[in-house]
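Structure first, commentary second.
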Amino acid sequence: MAATMKITRRLEFDAGHRIPNHGSQCRNLHGHRYVLEVTLAGRRVTMHHAEDEGMVLDFSALKAIANRELVDHWDHAFLVHAEDTAVRDFLASLPNHKTVVLPLVPTVENLAQLAFETLEPHFAQAYGKRLSLHKVRLYETPNCWADFATPQRASPLDESA
């Protein structure tokens, strides 16, 4: 039986947000250059002479799904919590403003979770059981990030996840 491998593709986007109840400057409108790492787990294609022989998935296919389903929506948008009515009202007053209303406060932890939950069904639909979304890592700054993976794919004690 072939070993499961993990592959990761890094994508970048710019977005604004605020953490409305935070006690520091993060409660103000501000933005980040986010870095999103999408990790898939699967087996390498072993079919001789197949276009993707030796690959879990061509990185361009991973990038296309991540861009289409998430990055293109969040890039150069303001990510705002649905309950942050003051900011939502302000953004609504700006003509043609790109605003993404989220069900959670847009912390890096919540954004990583939302990214995972957005992407997972699209990889499942496209590739079935051949591969799966293993983990999403989202960097808010070069030194601060959050990882999100479903419990069956990683646990808090699993250092390799």
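The values are calculated or read from the model by the stated rules, or taken from the named source; none is laboratory data. Keep in mind it's a predicted model, so treat the numbers as computed, not measured. Neighbour counts run over all protein chains shown; Cβ positions are idealised from the backbone, glycine included.
Summary of values
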| read-out | value |
| --- | --- |
| Options Val56, Val80, Val35, Val71; residue that is in contact with an Asp or Glu (Cβ under 6 Å, 6 or more places away or on another chain) and either in a strand (DSSP E or B) or within 16 Å of Leu119 (Cβ to Cβ) (or both) | Val35 |
| Qualifying residue in the stretch 42-52 (condition: assigned to a helix (DSSP H, G or I) and surrounded by 11 or more Cβ atoms within 10 Å (Cβ to Cβ)) | no |
| Residue match in the stretch 19-31 (condition: buried (at least 18 other Cβ atoms within 10 Å of the Cβ), within 22 Å of the chain's Cα centre (by Cα) and under 16 Å from Glu140 (Cα atoms)) | yes |
| Verdict on Phe78 being within 24 Å of Asn21 (Cα to Cα), modelled with pLDDT of 95 or more, surrounded by 16 or more Cβ atoms within 10 Å (Cβ to Cβ) and not hydroxyl-bearing (Ser, Thr, Tyr) | yes |
| Every pair of residues 6+ apart whose Cβ atoms lie under 8 Å, when the first sits in the stretch 125-139 and is within 21 Å of Val45 (Cα to Cα) and part of a loop (DSSP other than H, G, I, E, B) while the second is of a type in the set (D, E, K, R) and at pLDDT below 95 | Arg130/Arg43 |
| Residue check for Phe90: closer than 19 Å to His30 by Cα and either free of Cβ contacts under 8 Å to residues at least 40 places away in the same chain or in contact with an Asp or Glu (Cβ under 9 Å, 6 or more places away or on another chain) (or both) | yes |
